[in-house]
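The values are calculated or read from the model by the stated rules, or taken from the named source; none is laboratory data. Not measured: the values here are computed from a predicted model. All Cβ positions, glycine included, derive from the backbone under ideal geometry; neighbour counts span all protein chains shown.
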């Protein structure tokens, strides 16, 4: 993808799963990636994702903390250069029915999945406006666009982040800054596997569940994190230079987009 090589990128939630895949993909394309995560494992992950001699720098950051986010963005800007790409991947999931959802679980999911997107996007976009360009991608969820049993708080937090990103894209378009969303379906990550009760978990997701009002996956496979990273790579590249405020579903057709 053209337009990625040589650019400075921040990827949040970079320690594992989709965030790690995005970090690796952007590094392979020649970006200088600031891999940010609250987990110390990000240090080892960043070291493992050096590609073709390109550098991946690790930053320990809690995206729900406004002071920590401002420090992250300032440090990246000072140490690596002007930020041209931001990918918001950091997210948490605490599943459960609404009547069993605690105040703490609701607040935690919104703090990371929604407020974290707001804080990082605001801090980065301020600098992008001054430089006259950039690309922001938020990794949302197909749960933001279709009801899911046991996922109300998570889905609501992702829906809020999705609409926020589209509104941000409208406000920043005049400055040459594009803002898009990639909405994955079930993806083979630790978060997804935590929902499975045995070795047949993937099969049940692919088949769907009438009892849970959940459609299966028409393509017949669980996504790999690299599938999501490829979509992100496209949206931040020059090949997508005329795309903004778009919500790209990468879910194998699971939501039917009806």
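Quick notes
- Odd one out for residue 104 among (1) assigned to a strand (DSSP E or B); (2) free of Cβ contacts under 8 Å to residues at least 40 places away in the same chain; (3) closer than 30 Å to residue 212 by Cα: (1)
- Qualifying residues in segment 128-140 (those that are without any contact (Cβ under 8 Å) to a residue 60 or more places away in the chain and closer than 24 Å to residue 239 by Cβ) - the one surrounded by the fewest Cβ atoms within 10 Å (Cβ to Cβ): 132
- Restricting 116, 84 to those that are more than 15 Å from the chain's Cα centre (by Cα), outside any loop (DSSP other than H, G, I, E, B), within 22 Å of residue 18 (Cα to Cα) and modelled with pLDDT of 95 or more reduces the list to 84.
- A search for C-beta distances below 7 Å between a residue of segment 158-169 that is farther than 17 Å from residue 147 by Cβ and any residue that is surrounded by fewer than 17 Cβ atoms within 10 Å (Cβ to Cβ), counting only pairs 6+ apart in sequence or on different chains, returns 166/245; 169/245.
- Meets criteria (on the phi < 0 side of the Ramachandran plot and without any contact (Cβ under 8 Å) to a residue 40 or more places away in the chain) for residue 89: no
- Boolean, residue 112 is in contact (Cβ under 8 Å) with a residue 24 or more places away in the chain, under 30 Å from residue 197 (Cβ atoms) and buried (at least 16 other Cβ atoms within 10 Å of the Cβ): yes
- Test: residue in segment 92-101 that is within 19 Å of the chain's Cα centre (by Cα), assigned to a helix (DSSP H, G or I) and farther than 26 Å from residue 240 by Cβ: no
- Filtered by the rule that a residue be assigned to a loop (DSSP other than H, G, I, E, B), modelled with pLDDT under 90 and either buried (at least 21 other Cβ atoms within 10 Å of the Cβ) or touching a helix residue (DSSP H, G or I) at 6+ places or on another chain (Cβ under 7 Å) (or both), segment 17-49 gives a lone residue, 49.
- Scanning segment 172-187 for residues that are in contact with a strand residue (DSSP E or B) (Cβ under 9 Å, 6 or more places away or on another chain) and farther than 26 Å from residue 107 by Cα gives 172, 173, 175, 176, 177, 178.
- Counting only helices (runs of 4 or more DSSP H) that sit wholly inside segment 142-256, those with at least 3 residues that are surrounded by 14 or more Cβ atoms within 10 Å (Cβ to Cβ) are 152-172, 201-207, 225-236.
- Condition broken by residue 176, with the remaining ones in (1) on the phi < 0 side of the Ramachandran plot; (2) modelled with pLDDT of 95 or more satisfied: (1)
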